[in-house]
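Below is one structure, written out as structure tokens; comments come after it.
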């Protein structure tokens, strides 16, 4: 075997090694992305089943119901107002992650089911109040509503407010 033939075989082996390396790198990147999505989904489920979430959920339902029945007197910019908005942002974030494909919709739908619909229906009066309070402003909870609507439509659930 001549030196030229050896160089050809070495070049072929190096090219093959490069292709295999790129394929392994692509596989590792894909596997890392799947792991990150699984970890994010697990974290979301853990958060939505925590005692703290249940307490915040109960408080949001009660404070908005009480404030709406009193014509929102004393509610604007109080602690309960900010806590209710903060609670809604959790669902808004989940809705954003579903819309972007970061979280799998079917996994979220099967996990939260109608609780997201009930929470939207409880939160919607505050959303409408803020729309009246700040005319021309778009709601910052559109994906929360969109997620609730999509889930209740897919599962033939309760009607959605607003």
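Points worth noting:
- Residue within region 90-105 that is surrounded by fewer than 14 Cβ atoms within 10 Å (Cβ to Cβ) and within 22 Å of the chain's Cα centre (by Cα) present: yes
- Being under 22 Å from residue 127 (Cβ atoms) and without any contact (Cβ under 8 Å) to a residue 40 or more places away in the chain holds for only one residue in 50, 70, and it is 70.
- Filter result for the condition that a residue is at pLDDT 95 or above and more than 23 Å from residue 40 (Cβ to Cβ), over 88, 84: 84
- Residue count for region 136-148, restricted to those that are part of a helix (DSSP H, G or I) and either surrounded by 16 or more Cβ atoms within 10 Å (Cβ to Cβ) or touching a strand residue (DSSP E or B) at 6+ places or on another chain (Cβ under 6 Å) (or both): 6
- When the helices (runs of 4 or more DSSP H) confined to region 19-119 are screened for residues that are in contact with a strand residue (DSSP E or B) (Cβ under 6 Å, 6 or more places away or on another chain) and within 20 Å of residue 153 (Cα to Cα), none reaches at least 2 such residues.
- Taking each residue of region 96-107 that is over 15 Å from residue 150 (Cα atoms) and looking for partners that are surrounded by fewer than 16 Cβ atoms within 10 Å (Cβ to Cβ) and modelled with pLDDT under 90 with beta-carbon atoms closer than 8 Å, six or more apart or interchain, yields 102/40.
The values are calculated or read from the model by the stated rules, or taken from the named source; none is laboratory data. Since the structure is predicted, the reported quantities are computational estimates derived from the model, not experimental observations. Methodologically, a virtual Cβ is constructed for each residue, glycine included, from the backbone with ideal geometry; neighbour enumeration extends over all protein chains shown.
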